[in-house]
Structures are given as structure tokens and as C-alpha cells.
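Visitor: Quick one: the structure is below, and I'll ask about it shortly.
The values are calculated or read from the model by the stated rules, or taken from the named source; none is laboratory data. What you see is a predicted model, and the numbers here were worked out from it, not measured in a lab. As a convention, Cβ positions derive from the backbone with ideal geometry for all residues, glycine included, and neighbour counts pool all protein chains shown. All accessible areas refer to the heavy atoms of the entire protein, side chains included, with ligands and DNA or RNA removed. Shrake-Rupley method; radii C 1.70, N 1.55, O 1.52, S 1.80 Å.
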Amino acid sequence: GHVLTVTTIDAIQSTQLNSTLISVALAMLLLVAIYRHFGLGILNVLPVALATIWILGSMAVLSITLNVMTVMVTALTVGLGIDYAIHIIARYREELARRSEKEALEATIHQTGSALLISGLTTVGGFAVLLLSPMPLVRNFGLLTALTIVYAVFIALLVLPSLIWAGNRLAELFSQQRAG
């Protein structure tokens, strides 16, 4: 029984890593094709990478192992992280068409950010109910999913606008180097 358990956990871990990397890569390629801009595809994926690292770190700190329930958390991290990033970036691009960069970022955070925050908090509440379960597997799944949503919202509202700003500075720098 112990050998079977170890073999199953090893298989879950290796397939989880591979499937997560494949899904992120496919999402990035799709977003590059949709936006017709490589930088925007990368910008959508960076928050997902950060949230995935944070959730795996949280699992290590909380001594929660990968199992059949918790392995699904990385899929949720990818789905929610990219979804929130798309909302922020799409709104920013709309605002940038008629405002300065600073005004566009502020409008994006105030308008789309508040909607994402409310949506995220209600979803966290839904998964937090699982913390009341008498089953540790279900409790851990609820905890990790709630944390994933908190991380995804935090990154979309605070980190992603900083990445947008930094990306704009890099684009300006490259533009100046080409011109000069």
C-alpha cells in the first residue's frame, strides 16, 4: 500500500507540473495570437507564474501535500490568474486609447479592480465554506483554493499594474535605443 501511495503521489506531481506548464504555454500562445503582441501574452502569464509559486510555497509552509484534491488548485490558479489579468489588461488598453498612461492605470484599478475584488471575495467566501468540512482533504482544498483566489486578485490589482508600468518603461527604453 505504501509503495502504491508513493508511486501515485510521484505520478500526480510530475503530471501536475507538466500539465500546468503546457496549459500556461498554450494560454500564452493564444493570447499572443489574439493580441498580436508578444509582450501582452507574456504580461498575462507572469501573474499566473507568480500566483503558482505563491500557492506552492503556501502548500510547503502549511505542510499540505499534493493529492487528488490539491492538484486541481494549480489548474484553478492558471484559469483565474489569466482571467483576472485579461480583464485588467483589456480595460487598461481601452482606457489608454483616451487617457494618459497614469490616468488609464488609475481608471483600470478603480473600475475593473473593484469588480474583480468583489468577485474574488465572493468566490473566496464560497470556497472558505469548505474549511468547515470534517475531511482534511476537503478542508485543504478549500483553504488552498481560497488562497489561490486571494493571490490572483492581489496580483491582478497590485502587481499587474506595476508590470504594465515597467513594461512601458522597457518599451520606451528599447524605442530610444533604436532611434539613437
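Visitor: Just the residues that are at pLDDT 90 or above and surrounded by 13 or more Cβ atoms within 10 Å (Cβ to Cβ), please, taken from the stretch 32-41.
Guide: VAL32
Visitor: For the structure I just gave you, tell me whether THR108 is in contact with a His (Cβ under 7 Å, 6 or more places away or on another chain) and not acidic (Asp, Glu).
Guide: No; evaluated as a whole, the condition is false for this residue.
Residue by residue, here is whether (1) assigned to a helix (DSSP H, G or I); (2) within 29 Å of MET59 (Cβ to Cβ); (3) free of Cβ contacts under 8 Å to residues at least 24 places away in the same chain holds:
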| position | (1), (2), (3) |
| --- | --- |
| THR112 | yes, no, no |
| GLY126 | yes, yes, yes |
| ARG139 | yes, yes, yes |
| LEU143 | yes, yes, no |
| THR148 | yes, yes, no |
| ILE155 | yes, yes, no |
| LEU160 | yes, yes, no |
| GLY167 | yes, no, no |
| GLU172 | yes, no, yes |
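Visitor: Scan the stretch 94-108 for residues that are in a helix (DSSP H, G or I) and either among the hydrophobic types (A, V, I, L, M, F, W, C) or surrounded by 12 or more Cβ atoms within 10 Å (Cβ to Cβ) (or both) and report the count.
Guide: 10
Visitor: Somewhere in the stretch 16-30, is a residue under 17 Å from MET69 (Cα atoms), in contact (Cβ under 8 Å) with a residue 24 or more places away in the chain, open to solvent by less than 30 Å² (accessible area, probe 1.4 Å) and more than 13 Å from the chain's Cα centre (by Cα)?
Guide: There is at least one residue in the stretch 16-30 that is under 17 Å from MET69 (Cα atoms), in contact (Cβ under 8 Å) with a residue 24 or more places away in the chain, open to solvent by less than 30 Å² (accessible area, probe 1.4 Å) and more than 13 Å from the chain's Cα centre (by Cα).
Visitor: Right, here's the next one. Across the stretch 148-163, what is the number of residues that are of a type in the set (Val, Ile, Thr), within 11 Å of PRO47 (Cβ to Cβ) and surrounded by fewer than 21 Cβ atoms within 10 Å (Cβ to Cβ)?
Guide: Number satisfying all stated conditions: 1.
Visitor: Report the residue count in the stretch 49-66 for those that are over 11 Å from the mean Cα position of the chain (by Cα), touching a residue at least 40 places away in the same chain (Cβ under 8 Å) and open to solvent by 30 Å² or more (accessible area, probe 1.4 Å).
Guide: Summing the residues that are over 11 Å from the mean Cα position of the chain (by Cα), touching a residue at least 40 places away in the same chain (Cβ under 8 Å) and open to solvent by 30 Å² or more (accessible area, probe 1.4 Å) in the stretch 49-66 gives 2.
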